[in-house]
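As structure tokens, the structure follows; a few thoughts come after it.
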Amino acid sequence: MSRKEDREGLSIWYRLWYRVKYTAWYVMGPAQLGEADDPHARMRRRREAKVAEARAARLAREGGTGG
């Protein structure tokens, strides 16, 4: 996946705040957790969901053409 596709639909402020929170969890977060409880994994899943939602909205606006 290219970098543009990885951040589709995400504002610069969202991306900046995401990196701040991700880094904070890295430094001050829990030591070891399973995939379901890991804050980094949870953040990645939420971000991927936002990107997928933005991509679906863009495709719907463009009439369903994939590019």
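A compact table of results
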| item | result |
| --- | --- |
| Selection status of Arg58, of a type outside the set (Val, Ile, Thr), assigned to a helix (DSSP H, G or I) and more than 16 Å from the chain's Cα centre (by Cα) | yes |
| Search result, residues across the range 17-55 that are aliphatic (A, V, I, L, M), at pLDDT 85 or above and exposed (fewer than 11 other Cβ atoms within 10 Å of the Cβ) | Val20, Val27, Ala49 |
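The values are calculated or read from the model by the stated rules, or taken from the named source; none is laboratory data. Bear in mind that the values here come from a model prediction, so they are computed numbers and not experimental data. Neighbour counts run over all protein chains shown; Cβ positions are idealised from the backbone, glycine included.
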